[in-house]
Amino acid sequence: MKSTTRGTLAAVMTGVAAAVGAAAATPAAAVPIPVPLGGAERALGMELPRAGGELPLPVPGSPEGPRFVTGRLVPDRTLPQLPLSGGLPGGNLDAPLPQVLGDDFEHLGVSAPAADLRTLTPGLSVDTPLTSPNPNNLGLPDAKLPQLAVLTPLLQTVPAANLGLGG
């Protein structure tokens, strides 16, 4: 393996290790991902757009356990909902725009920061077709209609984006 290939591989592994370390240090935070275009700028002799992204890592939470309800044989929320927190990916782009008069560049920037995301998985609540023991019926349970409920999933986020023009 050539030394340049080894150096490139080492740089990539260092970047991945830094991203994983940053993600482990700040749970539910976005890990910045720059797009390196410096070499292409020097090779072409012109200013290129600057691009980057943010990749949030989802973090599972602890589920709310079953709740015991009086009058029911099976606890409520038999299959609990699992909360997940994380975010939507973000991105940044800053592109140079040539002016008609003069040598200066104006920049057009688009920024969509990573947005927080909160979710809950679907859950299940079941009840048996029998009631609790009835003392008036010699301790035998009474019959009733069975109940089944699907707890709906939840998805909450507020995405945003900015567009700007500057010098």
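The values are calculated or read from the model by the stated rules, or taken from the named source; none is laboratory data. Please read all numbers here as calculations on a predicted model, not as lab measurements. With ideal geometry, Cβ positions are generated from the backbone for all residues, glycine too; neighbour counts draw on all protein chains shown.
In the stretch 61-88, how many are in contact with a Gly (Cβ under 9 Å, 6 or more places away or on another chain) and among the hydroxyl-bearing types (S, T, Y)?
Counting residues in the stretch 61-88 that are in contact with a Gly (Cβ under 9 Å, 6 or more places away or on another chain) and among the hydroxyl-bearing types (S, T, Y) gives 2.
Which residues, counting only those in the stretch 36-54, are part of a strand (DSSP E or B) and exposed (fewer than 14 other Cβ atoms within 10 Å of the Cβ)?
Within the stretch 36-54, no residue meets the criteria.
Of the numbered conditions (1) of a type in the set (A, V, I, L, M); (2) at pLDDT 60 or above; (3) not in a helix (DSSP H, G or I), A28 fails exactly one; give the number of that condition.
(2)
Among (1) out of contact with any His (no Cβ under 8 Å at 6 or more places or on another chain); (2) surrounded by 15 or more Cβ atoms within 10 Å (Cβ to Cβ); (3) not in a loop (DSSP other than H, G, I, E, B), which single condition is D94 missing?
(1) is the only condition that D94 fails.
Answer yes or no: is there a residue in the stretch 55-72 that is part of a strand (DSSP E or B), among the hydrophobic types (A, V, I, L, M, F, W, C) and either within 22 Å of G164 (Cβ to Cβ) or at pLDDT below 85 (or both).
Residues of the stretch 55-72 that are part of a strand (DSSP E or B), as a first pass: 55-56, 59-60, 67.
If we keep only those that are among the hydrophobic types (A, V, I, L, M, F, W, C) too, we end up with 55, 59.
Retained after the next criterion (residues that are either within 22 Å of G164 (Cβ to Cβ) or at pLDDT below 85 (or both)): 55, 59.
Scanning the stretch 55-72, I find at least one residue that is part of a strand (DSSP E or B), among the hydrophobic types (A, V, I, L, M, F, W, C) and either within 22 Å of G164 (Cβ to Cβ) or at pLDDT below 85 (or both), so the answer is yes.
Considering only the stretch 117-134, state which residues are surrounded by fewer than 17 Cβ atoms within 10 Å (Cβ to Cβ) and among the charged types (D, E, K, R).
Passing the criteria: only R118.
Output the qualifying pairs, or none if there are none: Cβ atoms under 7 angstrom, residues six or more apart or on different chains, first residue in the stretch 71-96 and without any contact (Cβ under 8 Å) to a residue 40 or more places away in the chain, second residue among the small types (G, A, S).
Note: pairs meeting the criteria are P83/G61; L84/G61.
Report whether or not A51 is of a type in the set (G, A, S) and either touching a residue at least 60 places away in the same chain (Cβ under 8 Å) or farther than 23 Å from A114 by Cα (or both). Talk me through it step by step, then tell me what you get.
On the way: of a type in the set (G, A, S): yes; either touching a residue at least 60 places away in the same chain (Cβ under 8 Å) or farther than 23 Å from A114 by Cα (or both): no.
So A51 does not fit the description; no.
Conditions: (1) closer than 30 Å to R50 by Cα; (2) surrounded by 10 or more Cβ atoms within 10 Å (Cβ to Cβ). P141 meets all but one. Number of the miss?
(1)
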